[in-house]
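Just below is one structure, and these are the notes that go with it.
Throughout, read-outs are computed from the coordinates displayed, never taken from laboratory work. These numbers were taken from a predicted model, which means no experiment stands behind them. With ideal geometry, Cβ positions are generated from the backbone for all residues, glycine too; neighbour counts draw on all protein chains shown.
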Amino acid sequence: MSPPTRSSAPSVSVCFPAYNEEATIERVLNEAHELLSNSGLDYEIIVCNDGSVDRTGRVIEATASRLPNIRVLNNPRNLGIHRTFERLYSKASKDFVFLNSTDRQWDTRVLFEILPLTSSFDIVIASRKNKHYGLIRQFVSWAFNSIPTILFGVDTYDAGAVKLMRREIITRFTLVSKSPFSEAERLIRAARAGYRIKEYPVDTSDRTSGRARGVSVSSLIEACKDVVRVWVSLHRRRKM
C-alpha cells in the first residue's frame with residue numbers, strides 16, 4: 001500500500017519500547033526512519049530503553065545520533081511494560097500515537113495500512129491473525145480480551161496488540177490500572193465515551209531473537225486487581 005500524502009493523513013508519533021533487543025533494535029529503527037522519512041508524513045519516532053542489561057541502550061543511542069526525528073528515553077531501571085508504555089504515551093506530541101514493538105513481530109509498514117482508517121475511527125488495533133503462543137499464554141490472552149466484553153460490554157479485540165490511537169484519548173482519561181491491563185482499560189473508557197474502535201487483523205512474525213518476558217504469577221495477580229479497580233472506578237462514576 002502506498003503511504004498517504006501529508007495533506008491526507010494526520011501527524012503520528014511512532015513509539016517503540018525496548019528491553020534487551022540488541023539483535024533487532026537497530027534494524028527496526030532504521031526501517032522506521034526510512035519508511036517515515038520518505039512518506040511525507042509529519043512524524044516523530046520515540047524509543048524508550050526500559051533498563052536493558054544488554055547492548056540495547058548503546059545501539060539506540062548510536063542509531064539516534066545519525067538519524068533525525070528520533071527521541072530517546074532511558075528508564076533508570078527496568079520498569080516493566082505498563083510504565084514504559086505510559087512514559088512513551090506521555091512524551092508523544094502528534095495527533096495520533098502508533099505503539100509498535102521492537103522484536104519485529106509487527107512490520108512498521110502496518111502503519112500505512114491502518115492510517116487511512118483514521119478518517120472514520122479513533123483507534124485502530126492491528127490484531128494478530130495468529131498468536132505464536134503456547135497453550136498457557138493463549139489462555140491468558142483469551143481471558144485478557146474476554147473480560148472487557150463480559151464485564152464492561154466493550155470488545156477490545158486484541159488489547160495487547162500494536163495500535164494506532166488518537167492522542168487526545170491518552171490525555172483525556174486518568175487510568176487506575178497498574179499493570180498492562182491499562183491497555184484494555186483505555187479502550188474500555190474510550191468506547192464508553194463514544195470513540196470509535198476498529199480491528200484490523202494482520203499477519204505477524206514469531207520472535208526470532210531475544211526472549212519474551214511471558215506472563216508471571218505476580219503480573220496476573222496485578223491484572224486481576226486492575227479488573228476490580230476499573231470495575232469499581234466505572235461503577236462509582238455511574239452513580240455520580
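Only one of 128, 87, 104 is free of Cβ contacts under 8 Å to residues at least 40 places away in the same chain and under 25 Å from residue 18 (Cβ atoms); which?
Every option except 87 fails the conditions.
Do we have residue 79 as without any contact (Cβ under 8 Å) to a residue 40 or more places away in the chain and part of a loop (DSSP other than H, G, I, E, B) here?
yes
Given the stretch 96-195, what strands (runs of 3 or more DSSP E) lie entirely inside it while holding 1 or more residues that are surrounded by fewer than 22 Cβ atoms within 10 Å (Cβ to Cβ) and basic (Lys, Arg)?
By residue number, 162-166.
Of the residues 23, 32, only one is part of a loop (DSSP other than H, G, I, E, B), out of contact with any Asp or Glu (no Cβ under 8 Å at 6 or more places or on another chain) and surrounded by 16 or more Cβ atoms within 10 Å (Cβ to Cβ); which?
Result of the check over 23, 32: 23.
Within the set of pairs 6+ apart or on separate chains, which have a first residue in the stretch 46-74 that is within 17 Å of residue 84 (Cα to Cα) and touching a residue at least 12 places away in the same chain (Cβ under 8 Å), a second that is among the polar types (S, T, N, Q) and assigned to a helix (DSSP H, G or I), and C-beta atoms under 7 Å apart?
Note: pairs meeting the criteria are 48/84; 49/56; 50/84.
Of all residues in the stretch 35-76, which are under 20 Å from residue 95 (Cα atoms) and either part of a helix (DSSP H, G or I) or out of contact with any strand residue (DSSP E or B) (no Cβ under 8 Å at 6 or more places or on another chain) (or both)?
The answer is 35, 36, 37, 38, 39, 40, 68.
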